[in-house]
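J.: What follows is a structure written as structure tokens; I'll ask about it next.
Just so you know, all these numbers are worked out from the coordinates, no wet-lab data involved. Please read all numbers here as calculations on a predicted model, not as lab measurements. Cβ sites come from the backbone with ideal geometry, for glycine too, and all protein chains shown count toward neighbours.
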Amino acid sequence: MATLTTLADAVADLVRDGDQVALEGFTHLIPVAAGHEIIRSGRRDLTLVRMTPDIVYDQLVGAGCARKLIFSWGGNPGVGSLHRFRDAVQHGWPVPLEIEEHSHAGMANRYVAGASGLPFAVLRGYTGTDLARVTETIKPITCPFTGEQLTAVPALNPDVTIVHAQRADRAGNVQLWGITGVQKEAVLAAKRSIVTVEEVVDELDPRPGAVVLPTWAVTAVAEVPRGAHPSYAHGYYERDNEYYRSWDAISRDRGAFDAWLKESVFG
Amino acid sequence: MATLTTLADAVADLVRDGDQVALEGFTHLIPVAAGHEIIRSGRRDLTLVRMTPDIVYDQLVGAGCARKLIFSWGGNPGVGSLHRFRDAVQHGWPVPLEIEEHSHAGMANRYVAGASGLPFAVLRGYTGTDLARVTETIKPITCPFTGEQLTAVPALNPDVTIVHAQRADRAGNVQLWGITGVQKEAVLAAKRSIVTVEEVVDELDPRPGAVVLPTWAVTAVAEVPRGAHPSYAHGYYERDNEYYRSWDAISRDRGAFDAWLKESVFG
Amino acid sequence: MSTCTADETMTVAASRALRDGTSCFVGIGLPSTAANLARRTHAPDLVLIYESGTLGAKPDRLPLSIGDGVLAETADAVVGVPEVFNYWLQPGRVDVGFLGAAQLDRFGNINTTVIGGDYHHPEVRLPGAGGAPEIAASCREVFVVVRQSTRAFVDRVDFVTSFGHGRGRGEREALGLPGAGPTLVITDLGVLRPDPETGELTLTELHPGVEVDDVRAATGWELRVSPDLDRTPEPTQQELTVLRALEEAR
Amino acid sequence: MSTCTADETMTVAASRALRDGTSCFVGIGLPSTAANLARRTHAPDLVLIYESGTLGAKPDRLPLSIGDGVLAETADAVVGVPEVFNYWLQPGRVDVGFLGAAQLDRFGNINTTVIGGDYHHPEVRLPGAGGAPEIAASCREVFVVVRQSTRAFVDRVDFVTSFGHGRGRGEREALGLPGAGPTLVITDLGVLRPDPETGELTLTELHPGVEVDDVRAATGWELRVSPDLDRTPEPTQQELTVLRALEEAR
């Protein structure tokens, strides 16, 4: 059964130096407040996992929390590139960043395999691309019935997965709706999980399109209103597009980034 | 885009002698009326597919429509065995029935592979059982990353899948809710599909837990109120448990079955 | 205690085996009745999972099938059938798999496929596997509830639909099966557990009014009896009242 | 027609390529704008699929990302990300994959990963693959919309993120790729199509006011020009009005 706790306690208890950590969210419901808590807690040598690392991963990388990134698309959606990510890959600043790069289909299936207790997943993917050449976790596999060759990718089983959801009840059952991305799979694939929620309510009334994570499949739940800002929480607040646009200038410059970090995360 | 038509026309157009046909439904929303239409249309040599063949498959088998059954649990839920199915397997009456037998996990994954355009699926299944010995479509497969041995099953891609749903709109978008079983996968795995619905409505308002099959993923939609009877349609009518109980006596006797067939299907 | 039937004692004993706050993958029939009884007595937070995709079902009446509407209406979440097997059962998240059996052998292997003859020409064709093979493989442990008779309790099942302990301890580990397999068999006569050394099902508990010879007479192999043979506490009035109300409302 | 920009002509030309009643897997940016324009002009029944899991999205304003709330609110169905790739894209159900590119080469291969240096020490690190490799593999055909320049239009991409026609016709078939690959490239200068024999991207259409030499100057290989070179009909007033309203409401 999930423990209802604070974000600070959840991160202190469940995220450790050297862990593989996935903070998932597909444009919607990105657990940004949890990312900032990880920066504040000074975690190091993390392997960060996410299909679409965006600005909160840029911040984690820029703050020196990560030694590796496993991903499929790293950008500032609708704006451009991630400059802290670029600086780490191109110049090893503040620390070198190893990358393991997949496509969305590959990453999604790696989470599916992880959630399913399987060591690998099979897909039609990567054929003819250079990704298959540079990424060791992409291998061929042969259908035992037809002889056809397909692609295998290994399961992802993060030490911790963190997601943000609209609501939880007092028993720790979690409910999210709108674009639900790969969050269910990422939580079920992980050894431990933290869910930040907009609010804790007495009862989760059914919602069209809602995904429910039963309390016994979650480790910790913390109430963090606006915990997804500047991304959005369907039914609660809109995406702060201006924040995404303004990140571009901050992140281009190491000094501006450091100043932002001091003021906005540690301030 | 799906064609809105009648059940008789849909079966006449889309179900052919010798086809592999799946009528899916997991206790809920079983396409019984469509099964009876197939009997009336005199189709022969069908390979019938279903995870849980129950009394409508007993009826199809007893009527001589099938030469093969691919399944994982064949019974009259809550009542007992299927006597027409037993008679076909044990005595070849009215025609011999070949069987290909899996577990639920295996069948569900075969549909998933079919829906995903993959030739096979991987699962942890069948280990140590005699099913792996008697069923040719169960094979070992080795993880290319860990060397672990798992089980592979081939995709199911029925020529036709038939399901029953609560509603469709006039464009042919289909909506079902409650226990939705493996219906989405069975439809997406098939070359052609027929959906019978309780009603055609102007607009599909969102429902908690609803699965929507867009019109462009469905071949034909036919309005057949009570088309799932004696199973149930969540929000429309309850399961007719008495019908299931009374089937036991009818199906035990070839003569009683023939009389039932004349009266209830051809009558 | 009012008089009760052997079936009632069996169902009560089975329900008591389910600990509060655990999760249970429930087969239909006897297991479902016992699991629902447990939820209404000592285990209100027992999580019931049915293969129809209903997670945390809290039915107010006994379902006739694993896909009754009442399961969907009362569940914490309803998921598709592929998901319930792949995401919820297969990774070993579920504490107890609760199964019935047509035939059960001395090592807890289960047959629900064919009896007599060979597979292609059986004397009796049974419904088949359903979800049982993977429930038996993947749950942390498996409880079997089945009426005891020499027909059902055989030295060796005609067909291994669901693997128990094979021909003895160590076989599950050798096959890489993650769960502990059958740890408890509850019948209308008593309770059997696999011997810690050999894995052979051994009588460890007798229901009220039943003697060891009664159980021997209903077992198709030479039954071993635990030196610490217990006696099942009689069903309480509350247990019987709740059970009978459940059965009546069905 | 009022004066319009090269970008507007490109978007209008791209939108016209989408046939009503077909399905389109939409990348963000230029493809999304063109697809939404098509739905508001000649193709009201165009089915828009975004990798965020929104099937049949009908946004009333242009989404900034592929996961905007307006996509979920207006979709026929919202599914999980694994499902959109596995059940909807991978089996080849989608008619058109509509992609952008950072680099595109003479055989329609796309690079959105790294430019210059080698993979581990690139001069410029780009966002990466996203959904594009499997969109390019699995859709029945692929349209690419990209601004034309010698920087973007290269003889050979530095990194094949998404496979087009490799080094020529026949390679897709040899690799077992189900879709036809890039059949149309729409730029701000004109339209290119793969030569039926060689697969090399060939100029087949010039936008209004553009000459062949302009296109040659913006192409990083020796551009072939179709003998049947067409001229793109000018954007209509209606197309421009709808496009500008879309852009403004963003």
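J.: May I ask you to derive the relative contact order of the range D:6-248, considering only C-alpha pairs under 8 Å and at least 6 residues apart, and to give it as an integer percent?
T.: Working: 548 pairs, mean separation 45.0, N = 243.
Here the relative contact order equals 19 percent.
J.: Report relative contact order for the range C:94-189 in percent, whole number only (criteria: Cα-Cα under 8 Å, sequence separation at least 6).
T.: Working: 208 pairs, mean separation 36.4, N = 96.
Normalised by residue count, the contact order of the range C:94-189 is 38 percent.
J.: Follow-up. Cβ under 13 Å from residue D:64's Cβ, residue D:64 left aside: what net charge do those residues give with Lys, Arg +1 and Asp, Glu -1?
T.: -2
J.: Return one quarter of the surface area of the convex hull spanned by the alpha-carbon atoms of the range B:79-142, equal to its mean projected area, in nm². List each step's numbers first, then the result.
T.: On the way: hull surface 24.7 nm².
That works out to 6.2 nm².
J.: Within the P(r) computed for the range C:6-248, what percentage of the Cα pairs occupies the region above 31 Å? Don't skip to the end; give the middle numbers.
T.: On the way: 5664 of 29403 pairs.
Percentage above 31 Å: 19.
J.: Around residue B:99, which amide H atoms from residues at least 5 apart in sequence, or from another chain, sit under 5 Å from its own amide H, with H modelled in the peptide plane?
T.: Residues meeting the criterion, in which the H sits 1.01 Å from N, are B:69.
J.: Around residue C:192, under 11 Å between beta carbons, what's the net of Lys plus Arg minus Asp minus Glu among the other residues?
T.: On the way: positive: C:106, C:193, C:224; negative: C:195, C:200, C:205.
It works out to a net charge of 0.
J.: How many angstrom lie between the Cα centre of the range B:146-173 and the Cα centre of the range A:63-136?
T.: Centre-to-centre distance over Cα atoms comes out at 30 Å.
J.: While we're on this one: For residue B:184, list the lysines whose Cα falls under 28 Å from its own Cα; do not include residues on the same chain fewer than 8 positions away.
T.: Output for residue B:184: A:184, B:68, B:139, C:58, D:58.
J.: Mind checking which of C:78, C:246, A:235 is farthest towards the positive end of the protein assembly as shown's charge dipole, using Cβ charges of +1 (Lys, Arg) and -1 (Asp, Glu) about the Cα centre?
T.: Of C:78, C:246, A:235, it is C:78.
J.: I would also like to ask the following. Distances from residue C:209 to the same residue in each other copy, label points 7 Å out along Cα→Cβ, in nm, shortest first?
T.: Nearest first, the other copies' label points are 9.8 nm away.
J.: Place the peptides B:111-121, A:221-231 in order of packing, highest mean first, counting for every residue the other Cβ atoms within 10 Å and averaging per peptide. Provide the component values of the computation, followed by the final result.
T.: Values: B:111-121: 25.3, A:221-231: 22.1.
Top to bottom by mean Cβ count within 10 Å: B:111-121, A:221-231.
J.: Something else now. Estimate the FRET efficiency between residue D:197 and residue A:13 by the formula 1/(1 + (r/R0)^6), using the beta-carbon distance for r and 45 Å for R0, to the nearest 0.05.
T.: Working: r = 65 Å, r/R0 = 1.43.
The value I calculate is 0.10.
J.: What ³J(HN,Hα) values, in whole Hz, does the Karplus curve 6.51 cos²θ - 1.76 cosθ + 1.60 give for the range B:116-123 when θ = phi - 60°, with x put for Gly and Pro?
T.: Karplus values, whole Hz, x for Gly and Pro: 8, x, 9, x, 7, 10, 10, 8.
J.: How high is the relative contact order of chain B, given as a whole-number percent (alpha carbon pairs under 8 Å, six or more residues apart)? If you can, show how the numbers build up before the last one.
T.: Numbers: 610 pairs, mean separation 64.5, N = 267.
After rounding, I find 24 percent.
J.: Right, here's the next one. Using a 10 angstrom cutoff on alpha carbons, build the Gaussian network for chain D and name the most mobile of D:15, D:162, D:226.
T.: Taking springs between Cα atoms under 10 Å, the residue moving most is D:226.
J.: Right, something else. Treating the point 7 Å from Cα along Cα-beta-carbon as the label, what are the nm separations from residue A:264 to the other copies, to one decimal?
T.: Nearest to farthest, the other copies are at 6.8 nm.
J.: Placing +1 at every Lys and Arg Cβ and -1 at every Asp and Glu Cβ, with all other atoms neutral, what dipole size does the protein assembly as shown have around its Cα centre, in debye to the nearest 20? Please list the in-between numbers first.
T.: Working: 94 positive and 134 negative charges, 176 e Å.
In total the dipole reaches around 840 debye.
J.: While we're here: Run the quick spin-label model on residue D:156 and residue A:266: label points 7 Å from Cα toward the beta carbon, then report their separation in nm to one decimal.
T.: Inter-label distance under the simple model: 4.8 nm.
J.: Same structure again: For the range B:55-64, just list the computed ³J(HN,Hα) in residue order, Karplus coefficients 6.51, -1.76 and 1.60, θ = phi - 60°, integers in Hz, with x standing in for Gly and Pro.
T.: With the stated coefficients, the range B:55-64 comes to 5, 5, 6, 4, 5, 4, 5, x, 7, x Hz.
J.: I want to check the label-to-label distance for residue B:44 and residue C:229. Put each point 7 Å from Cα in the C-beta direction and report it in nm to one decimal.
T.: Each label point is offset 7 Å from its Cα along the Cβ direction, giving 6.3 nm.
J.: Okay, moving on. For the peptides D:62-68, A:182-188, what is the packing order when you average, over each peptide's residues, the other Cβ atoms within 10 Å and list the highest mean first?
T.: Numbers: D:62-68: 24.9, A:182-188: 27.6.
Output ranking for D:62-68, A:182-188: A:182-188, D:62-68.
J.: From the Cα trace of chain A, what convex hull volume per residue do you get, rounded to a whole Å³?
T.: Details: hull volume 34.3 nm³, N = 267.
Taking only Cα atoms, chain A has a hull volume of 129 Å³ per residue.
J.: Still on this structure, I have one more. Tabulate in residue order the Karplus-calculated ³J(HN,Hα) for the range B:6-12, using 6.51 cos²θ - 1.76 cosθ + 1.60 with θ = phi - 60°, rounded to whole Hz; enter x for Gly and Pro.
T.: 9, 4, 4, 5, 4, 5, 4
J.: Have a look at C:237, C:165, C:50 and report the one farthest towards the positive end of the charge dipole of chain C, computed about the Cα centre with Cβ charges (Lys/Arg +1, Asp/Glu -1).
T.: Of C:237, C:165, C:50, it is C:50.
J.: Would you compute, for the Cα atoms of the range C:95-196, the largest minus smallest coordinate along each principal axis and list the three values in descending order, in whole Å?
T.: Over the range C:95-196, Cα extents along the principal axes are 35, 31, 22 Å.
J.: What residue among D:81, D:144, D:191 shows peak mean-square fluctuation when chain D is described by a Gaussian network model with Cα springs under 10 Å?
T.: Checking each option, the largest mean-square fluctuation is seen for D:81.
J.: Put the label 7 Å from Cα along Cα→Cβ for residue D:117; what are its distances to the other copies, in nanometres, shortest first?
T.: So the distances to the same position in the other copies read 7.2 nm.
J.: Next question, about the same structure. So who's got an amide H within less than 5 Å of the one on residue A:49, skipping anything under 5 residues away but keeping other chains? H placed 1.01 Å off N, in plane.
T.: Sorted by chain and number, the residues that satisfy this are A:21, A:22, A:23, A:70.
J.: Could you give me the percent of Cα pairs per 20 Å distance bin for the protein assembly as shown, shortest bin first, beginning at zero and ending with the bin that holds the maximum distance?
T.: 13, 42, 33, 11, 1, 0
J.: Would you calculate a helix-derived [θ] at 222 nm for chain A, using -39,500 (n - 2.57) for each DSSP H run of n ≥ 4 and dividing by the full residue count, to the nearest 500?
T.: Details: 9 runs with 76 residues, N = 267.
The helix-only estimate for chain A comes to -8000 deg cm²/dmol at 222 nm.
J.: Could you work out the mean count of beta carbons from other protein chains within 10 Å of each residue's beta carbon in D:110-118? Don't skip to the answer; put the middle values down first.
T.: Working: counts 1, 1, 2, 5, 5, 0, 0, 1, 1.
Average neighbour count from other chains, rounded to a whole number: 2.
J.: Treating the Cα atoms of the range B:30-95 as identical point scatterers in vacuum, please give the log10 of the normalised Debye intensity I(q)/I(0) at q = 0.17, 0.19, 0.23, 0.25 Å⁻¹, two decimals.
T.: -0.51, -0.65, -0.97, -1.15
J.: Ranked from highest to lowest mean number of other Cβ atoms within 10 Å per residue, what is the order of the peptides D:26-34, A:233-241, A:73-81? Can you show the working numbers first?
T.: On the way: D:26-34: 24.7, A:233-241: 17.8, A:73-81: 20.8.
Most protected by this proxy first, the peptides run D:26-34, A:73-81, A:233-241.
J.: Express the Stokes-Einstein translational diffusion coefficient of the range C:54-139 in µm² s⁻¹, to the nearest whole number, given a Kirkwood radius over alpha-carbon pairs, 20 °C and a viscosity of 1.002 mPa s.
T.: Details: Rh = 14.9 Å.
My calculation gives 144 µm²/s for D.
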